[in-house]
Amino acid sequence: QLIHTRLGTHTLLVLKPTRSMINSPHFRSSLYSDKVVSLVRNAASSSFGAKKNTSAAANTNYTNATPPHVYSFVQSIYRRMLADRQDQSLVAMGHTAAGKTSNIKFALNYLFKVAAPNSQIFTGQLLT
């Protein structure tokens, strides 16, 4: 019932969940919970280490420590931005009603929680 898969190093494929998955009371709360944020962040920080000058390829190695997920994909973009000091992009493509907007919201929610965990500006609430 996983809806995420990697396509190479820089591409994440997110399938639209089936109706029965969406209707499950635990689907959204388990797949995009704070626990998942912590798991991805901790896996990234333990694998990212204290290296200051790492290549983009090295920054994506830690995503193999976690299953494919919007959060681990965004974490790799965030770490690459910090390491390389270059802008990064996140592009969502798909048909109408394929879940592009929802996944961008999940990505931004993760960035807010990771980039500014104790900020007074961001509340860390899921964007709606």
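The values are calculated or read from the model by the stated rules, or taken from the named source; none is laboratory data. All values reported here derive from a predicted model rather than from experimental measurement. A quick note on method: Cβ atoms are made from the backbone with ideal geometry, for glycine too, and the neighbour counts reach across all protein chains shown. Each accessible area value is taken on the protein alone, full model and side chains, heavy atoms only, with ligands, DNA and RNA left out. Shrake-Rupley method; radii C 1.70, N 1.55, O 1.52, S 1.80 Å.
Details
- Cross-chain or 6+ apart pairs with Cβ under 8 Å, the stretch 18-44 first and touching a residue at least 60 places away in the same chain (Cβ under 8 Å), then outside any helix (DSSP H, G or I) and open to solvent by 70 Å² or more (accessible area, probe 1.4 Å): 32/126
- Elements of the type helices (runs of 4 or more DSSP H) sitting completely within the stretch 1-110 and holding at least 3 residues that are open to solvent by less than 30 Å² (accessible area, probe 1.4 Å) and modelled with pLDDT of 85 or more: these cover 34-48, 70-84.
- Residue pairs whose Cβ atoms lie under 6 Å apart, separated by 6 or more positions or on different chains, with the first residue in the stretch 79-100 and over 13 Å from residue 15 (Cβ atoms) and of a type in the set (Gly, Ala, Ser) and the second at pLDDT 85 or above and open to solvent by 50 Å² or more (accessible area, probe 1.4 Å), are 92/100; 92/104.
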